[in-house]
């Protein structure tokens, strides 16, 4: 079934253009080359950035501005295509690129960065407002934050364009509750909460943002979004890839910290939240925090009943053999780091009382897919018992790939007899709107520049998420729950299937 956009009324007007200098720490790294720099270029090409925008790359390289521009050109060619640097927009963008090379532990480097940014602003080449993006390993966050403060680069200023400077922090935001609180305290020594942007790129995806519109902009769905009609919710974040070059970092994190603490908890909060008083940062974030604080706490001794952890062994992905996790370069041969997590959570609110939220994530699974599936209850009277009764209605919000929504329902199959079948209505963003979707980082970087925090996590949200997960982490560290194994290319261990089968349910076949 095709969907047609019938109205664009109510589309938000264009956002104001804000002059600023975007300082990327770790500008030579993979995230910068693959996502940040291409996203900033696309925003520039769409004329969504102020003409006085500048990008200053910081890395431990002995580059000058021209060499940095060459690196950016190579990144755009690789991740957008050669047409990017052949377009007329490239010439203007390249002139907005500057480089500051120094070791992040070098205090003098921060002073040079301060003087460089001020001199460019004095020449009116760039905006004086600063955005700091920490595209760096978590272990050097403290060093950078303390040096920024010592170099007087964090002095608070309120302008016509909001509060400055601003800082963007990539996940992981701490390893546990204590480290998360310590990092928040460190950030708040130099920045106000209104200046801090804790980024989770999932929240920038069109389909995640559409969850709010789908729920609160459509009467027919919001009215059945509760325990009376919903049997359970499944949230899946599956990856085909292994750990790749991230083994050293992943060994310190595992799937629970890497995906569950941020992506999955954020999706759960978005699905389960109550209607906010307004669609803005303050009210949306408040409702999300309330939901996470309402998640039923687990005792360490019952973790094994509600959560399963596992690690992939050698197997095949799309017909190609792949090694087990312990055979990956950089992984300890006796590692107990989990690469798969499946769990059951309850949100103890009036709306969701008794409705289980099943979550799962893993590496080296059969396919890359992220979705939220709302399974509704069976009809109260099975009038068609014995007539090949189809599965109950399922509403699926596809986050990636092929972003969109599908709804399954029962229909009579053609023929003289009463035979039923499940059919689907499918909505795909690109088909309906006839345009490519923006990358999540484009949305989020523009939000940082204009000062919109709605798609960023508040400190309270991160701490509430850690409160939910700490009993699980503690139980696993005390070996109160087993570490299962699953062959690469499968949907996890049998224990994950039993987690649902003991409730009379099963995971969706993806």
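In this simple spin-label model, placing a label point 7 Å from the Cα along the Cα-to-Cβ direction at both residue 350 and residue 478 gives a separation of 3.7 nm.
Roughly what angle does helix 440-450 make with the longest principal axis of the chain, taking Cα atoms, 0 to 90 degrees, to the nearest 10? That works out to roughly 50 degrees.
Between residue 194 and residue 305, the FRET efficiency estimated from the beta carbon spacing at R0 = 51 angstrom works out to 0.80. Gain on full extension, evaluated as 0.36 nm per residue between residue 182 and residue 454 minus their Cα-Cα distance, stands at 95.6 nm. Its DSSP H runs of at least 4 residues, each contributing -39,500 (n - 2.57), put the calculated 222 nm mean residue ellipticity of the chain at -9000 deg cm²/dmol, to the nearest 500. From least to most packed, judged by other beta carbons within 10 angstrom and beginning with the fewest, 306, 312 follow the order 306, 312. Ordered by the count of other Cβ atoms within 10 Å of each Cβ, fewest first, 454, 253 give 454, 253.
Taking Cα atoms only, the orientation of helix 107-122 departs from the longest principal axis of the chain by about 80 degrees.
Could you work out the percent of alpha carbon pairs in the stretch 21-170 separated by over 28 Å, rounded to a whole number? Result: 15 percent of Cα pairs exceed 28 Å. Need one number: the % of Cα-Cα pairs in the stretch 189-325 sitting beyond the 27 Å mark. Roughly 38 percent, rounded to a whole number. Cα centroids of the stretch 448-492 and the stretch 83-101: 38 Å apart. The angle between the Cα long axis of helix 141-150 and the longest principal axis of the Cα atoms of the chain comes to about 30 degrees, rounded to the nearest 10.
Sorted fewest first by neighbouring Cβ atoms within 10 angstrom, 377, 363 come out as 377, 363.
With contacts taken as Cα pairs under 8 Å and at least 6 residues apart, the chain reaches a relative contact order of 18 percent. The calculated FRET efficiency for the pair residue 436 and residue 409, based on their C-beta separation and a Förster distance of 25 Å, comes to about 0.25. Each part reduced to its alpha carbon centroid, the stretch 290-352 and the stretch 143-169 end up 37 Å apart.
No value in this document is a laboratory result; all are computed from the given coordinates. Just so you know, these numbers come straight off a predicted model, no measurement behind them. With ideal geometry, Cβ positions are generated from the backbone for all residues, glycine too; neighbour counts draw on all protein chains shown.
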